[in-house]
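Colleague: I'd like to ask some things about the structure below.
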Amino acid sequence: MTNSSLSSEERENEETVVEVHQGIPQIPIDLFVKKNRKGVRFFDAFGNLRYKVADASPLSPRQNHGLRGRVLLDSSGNPLVSIFRFHDGSWKGFKGNSCEELIFKAEQTLNTFNKVEFSVNVAGDDGTNLTFAIRGCVFWRTCTIYQDKFIVAQTNLMYKLGFRKHFVGRSKFRVTIIPGYSDYNFIASLILVFLDGRKQ
């Protein structure tokens, strides 16, 4: 099939795949997420705790207005990113356990039973804005995170090998981070936004 016979959507998808394979090494890094009564926790491939999640400190009375937030902690309990969901349906992530340094703002662009999408803006070090997107299904714990046309991370449910494929359950899933993007704190923060996307 020649490029002239492809639809515009197929050409766009083809361009995305080519850029990902040419621009990013194909050696993935996996994190494993457990979401249960103990909350949300991230583990590395050796079973070591990498991140955990707690309730964030409340915003100032002037900013609060009943907002709920969570903070991403490292394995020692040090705050890395505080994430708040605002009444306009957006999420904002701040550095550490305060609301002084904004890292990103995420806005939901689609919310159906089987699909959610987010647009994420990040202020770059040189003053430019970086654009990310999250697309997936919260129920099946599957999503893809893009930076422009580059895939930087994907999630999928765990399953047991055997005669038939058996999923372990929705309480545990894998996050595969493509090397070439190394800000794991940011990816873990976006996973928390993704999981929060179906809540009203």
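Colleague: Go through 127, 113, 143 and say which Cα lies farthest out towards the positive end of the charge dipole of segment 95-151; charges sit on Cβ, +1 for Lys and Arg, -1 for Asp and Glu.
Modeller: 113
Colleague: Mind ordering 94-100, 28-34 by average Cβ neighbours within 10 Å, highest first?
Modeller: Numbers: 94-100: 14.7, 28-34: 16.4.
Highest to lowest by the protection proxy: 28-34, 94-100.
Colleague: Under the definition of Cα pairs under 8 Å and six or more residues apart, what whole-number percent is the relative contact order of segment 49-143?
Modeller: On the way: 195 pairs, mean separation 14.6, N = 95.
Averaging sequence separation for qualifying contacts and normalising by length gives 15 percent for segment 49-143.
Colleague: Here is a follow-up. Mind ordering 184-193, 117-126 by average Cβ neighbours within 10 Å, highest first? The partial results should precede the final answer.
Modeller: On the way: 184-193: 22.1, 117-126: 14.0.
Output ranking for 184-193, 117-126: 184-193, 117-126.
No value in this document is a laboratory result; all are computed from the given coordinates. If you're wondering where the values come from, they're calculated on a predicted model, not measured in any experiment. Cβ atoms come from the backbone with ideal geometry, glycine included; neighbour counts cover every protein chain shown.
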